[in-house]
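Encoded as structure tokens, the structure appears first; notes follow it.
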Amino acid sequence: MLKRINLITLIFIIILQLSVLANNDKTGTTSLSFLKLKSGVRAISLGNTFASIADDVNTIYWNPAGLAQLRSSEINWMNANWLEGINYSSFTYNIPLVDGHSLGFGATFVYFGSIQETTAASPQGTGNFISSQASNVIFGYGWKASEDLSIGTNIKFASENIDSSIQSANIFDLGLIYEGLWESRIALVLENNELGGDKASNLPRTTTIGISKKYDNLLIGIDLGYPNDSSNTTNIGIEYAFNSYLDLRCGYSSRNENNAGGNLSLGVGLNLGLKLWKFDFAYVPYDMLGNTYRFSIGHIL
């Protein structure tokens, strides 16, 4: 009982501090901003609500503590058609070790397309085109520190290449999930902290607090996000298991990217072959900018 009270007090203090320190708008002040492009179609269709749900292989992108919950190996591949011709894909894999320990691997590749080169002498364009791409490779580890508490960490190697200019960083995430309160799951995630700390203030760091609860076939989650480069967000996700084969999902995010949209999301999941194969689809509209689609295939080994 004392442990539960201490945990509630800790989370309450963190929420108060973050509400004061992070409620500002610093959009565009960070580097390697592609790190904010999330992977995991199911989580995206839930309105980016996954910090405490964290129960499939894509948890490595949202909360590495969730790796400790996985009992089977799973592989997952995702492709996303995003805005302005941007395309990105990811591959994810996990390996359960002894009971309560698990390793994870993730890799994301982003292609931003080509833009025409301009110079002071040729402001209208030189006729040459510059390509841009980025990658993020993740190694994760999760373990159950106790019956109710799971802890995880990621090490990331991120890089972005614009023509001949390359920017890179070594990054770590920390996460925890507590399951001994109100028959729900509570999570805390510290994301995108640079190893060494020389450029930590330039990365899109986010602290997320999440809670989720399952009612029979209905799963509900809420995430509170505190980024260092934009306003705080509240994300809500709902998943209903219609039957053993079909999952219906919807989500809402309060993020406000210059009124560009992207607040609502819809998704569907198909579980086939004794639930060994998973097919997931997410749809997120961005008003005048267009619609975005993500599709993934997963297999439990």
Does Gly100 fit the bill of being over 25 Å from Gly210 (Cα atoms), in contact (Cβ under 8 Å) with a residue 12 or more places away in the chain, touching a helix residue (DSSP H, G or I) at 6+ places or on another chain (Cβ under 8 Å) and small (Gly, Ala, Ser)?
no
Residues that are buried (at least 21 other Cβ atoms within 10 Å of the Cβ), in a strand (DSSP E or B) and over 17 Å from the mean Cα position of the chain (by Cα): does the range 203-218 have at least one?
no
Could you tell me which of the residues Ile53, Ile44, Ile8, Ile14 is modelled with pLDDT of 50 or more, over 30 Å from Asn81 (Cα atoms) and either part of a loop (DSSP other than H, G, I, E, B) or touching a strand residue (DSSP E or B) at 6+ places or on another chain (Cβ under 9 Å) (or both)?
Ile14
Being more than 20 Å from the chain's Cα centre (by Cα) and closer than 30 Å to Ser132 by Cα is the filter here; which residues of the range 167-185 pass it?
Gln167
Report the residue count in the range 199-218 for those that are of a type in the set (D, E, K, R), more than 23 Å from Glu147 (Cα to Cα) and modelled with pLDDT of 90 or more.
1
Please enumerate the residues belonging to the range 270-289 that are out of contact with any Gly (no Cβ under 9 Å at 6 or more places or on another chain) and either among the small types (Gly, Ala, Ser) or farther than 13 Å from Ser244 by Cβ (or both).
Gly273
From the options Asn256, Asn154, Asn161, residue that is at pLDDT below 95, in contact with a strand residue (DSSP E or B) (Cβ under 7 Å, 6 or more places away or on another chain) and either on the phi < 0 side of the Ramachandran plot or in a strand (DSSP E or B) (or both):
Asn161
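Looking only at the range 151-166, filter to residues that are buried (at least 17 other Cβ atoms within 10 Å of the Cβ) and under 18 Å from the mean Cα position of the chain (by Cα); which one of those is nearest to Ile177 (Cα to Cα)? So that I can check it myself, show each step before the final result.
Here is the first cut: in the range 151-166, the residues buried (at least 17 other Cβ atoms within 10 Å of the Cβ) are 151-154, 156, 158, 160.
Now narrow it down to the ones that are under 18 Å from the mean Cα position of the chain (by Cα): 151-154, 156, 158.
Working: Ile151: 7, Gly152: 9, Thr153: 12, Asn154: 15, Lys156: 20, Ala158: 25 Å.
The residue in question is Ile151.
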Is the range 182-198 home to any residue that is at pLDDT below 85 and surrounded by 14 or more Cβ atoms within 10 Å (Cβ to Cβ)?
no
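Here's a check for you: in the range 25-75, which residue that is among the basic types (Lys, Arg) and within 19 Å of Thr153 (Cα to Cα) is nearest to the chain's Cα centre (by Cα)?
The qualifying residue nearest to the chain's Cα centre (by Cα) is Lys38.
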Would you be able to tell me the number of residues in the range 266-301 that are among the aliphatic types (A, V, I, L, M) and in a strand (DSSP E or B)?
8
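Matching residues to (1) at pLDDT 95 or above; (2) within 22 Å of Arg205 (Cα to Cα); (3) not in a helix (DSSP H, G or I):
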| residue | (1), (2), (3) |
| --- | --- |
| Ser31 | no, yes, yes |
| Gly66 | yes, yes, no |
| Ser72 | no, no, yes |
| Trp77 | yes, no, yes |
Look at Ser90 and say whether it is of a type in the set (S, T, N, Q), assigned to a strand (DSSP E or B) and within 16 Å of the chain's Cα centre (by Cα).
yes
Please go through the range 98-129 and give me each residue that is at pLDDT below 75, β-branched (Val, Ile, Thr) and not in a strand (DSSP E or B), ordered by number.
Thr118, Thr119, Thr126
Return the residue satisfying two criteria in turn: it lies in the range 219-233 and is touching a strand residue (DSSP E or B) at 6+ places or on another chain (Cβ under 8 Å) and assigned to a loop (DSSP other than H, G, I, E, B), and of such residues it is modelled with the highest pLDDT.
Asn232
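The values are calculated or read from the model by the stated rules, or taken from the named source; none is laboratory data. Computed from a prediction, not measured in an experiment: that's the story for all the values here. Heads up, the Cβs are rebuilt from the backbone with ideal geometry, glycines too, and the neighbour counts pull from every protein chain shown.
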